[in-house]
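Contents: one structure, followed by commentary.
Please treat every number below as a calculation from the coordinates, not as lab data. As the structure is a computational prediction, the values presented were derived from the model and not from experiment. So basically every Cβ, Gly included, is an ideal-geometry build from the backbone, and we count neighbours across all protein chains shown.
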Amino acid sequence: MRIIAGKARRLPLKTVEGRETRPTTDRVKETLFNMINPELPGCRFLDLFAGSGQMGLEAVSRGAEHAVFVENNKKAAACIEENIQFTKLTDQCTLLVKDVAAAISWMEGKEIFDIVFLDPPYGKELEKKALEALAASSLLTEDALVILETSVKTEISWLEETGYEITKEKVYKTNRHIFLRFVKS
C-alpha cells in the first residue's frame, strides 16, 4: 500500500496487522481518486473509520488543504500517526482517536468539510449511524461530497430517508463506492 499521486507519491504506508481493518486496494483507491481529483485542491477532507489513514493522506498528497482522521481502534490510530509522520504531512493532518459519533459531536462548530469518506466495518450497520450523525451536524459544506464504501451486499435502501441523494455508484468485485450529496431541507 502506498500514496499513488501528489507530493507524497510512491511513499509506502503501514497497515494494521490482522483482520481488524480492510485497506482499500491501490487499484480501487486510484479509480476513486481519479473520479474526485477535480474536487481535491484546497478542500477539507474527513476520513471516518480511517484504518491506516491512506484515504486522507492520499487526499492531502493530491492537494487537499487539510484532512481529519477519525479512528477509535488504538492500534489503527497508532498506524495512522506513523503514516502521517512518515509522509511529512503533519501540518495538514489531524487525528481524532474517538468513536465516529463522538468525533462528529466534538467537531460541531469547529470544523467543516467538503469531502467525507467513510469505510466502516462491514455488516455492523455503522454507516447508517455515521451518516445520520453527519446529517444532523453542521460539518458538511453546502455541496459536500460524501463517499461511502460498502460491501456490495450491504442494504442501502434507507439512504434517501436520511436526506442523502445518491449521485453515482461505482461497483467493484466485492465492494462499491456510493457518492452522496446531502440535501438540506
Gyration tensor (alpha-carbon) shape descriptor, the chain, a/c threshold 1.5:
rounded
For the stretch 164-181, Karplus couplings with θ = phi - 60° (6.51, -1.76, 1.60), whole Hz, Gly/Pro x:
9, 10, 7, 9, 6, 9, 10, 9, 10, 5, 10, 9, 8, 10, 10, 9, 10, 10
Please name which of 133, 147, 84 has its Cα lying farthest along the dipole of the chain towards the positive end, using unit charges on Cβ (Lys, Arg +1; Asp, Glu -1) and the Cα centre as origin.
84
Defining a contact as two alpha carbons under 8 Å apart and six or more residues distant in sequence, what relative contact order in percent does the stretch 72-144 show?
33 percent
Using Cα springs under 10 Å in a Gaussian network model of the chain, which residue among 45, 33, 69 shows the largest mean-square fluctuation?
33
In nm, give the distance between the simple-model label positions of residue 86 and residue 151, each being 7 Å from the Cα along the Cα-to-Cβ direction.
2.9 nm
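Could you give the dipole magnitude of the chain about its Cα centre, charging the beta-carbon of Lys and Arg +1 and that of Asp and Glu -1, in debye to the nearest 20? Spell out each step's value before the answer.
Numbers: 26 positive and 28 negative charges, 152 e Å.
Here the size comes out at about 740 debye.
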For the stretch 3-80, what is the relative contact order in percent, using Cα pairs closer than 8 Å and at least 6 residues apart in sequence?
36 percent
Measure nothing fancy, just the Cα-based angle from helix 74-87's long axis to the longest principal axis of the chain, in degrees from 0 to 90, nearest 10.
60 degrees
Estimated inter-spin distance, residue 98 and residue 75, nm [label 7 Å along Cα→Cβ]
2.5 nm
For residue 116, other-chain or 5+-apart residues with amide H closer than 5 Å (H placed, Pro excluded) are 46, 145, 146, 147
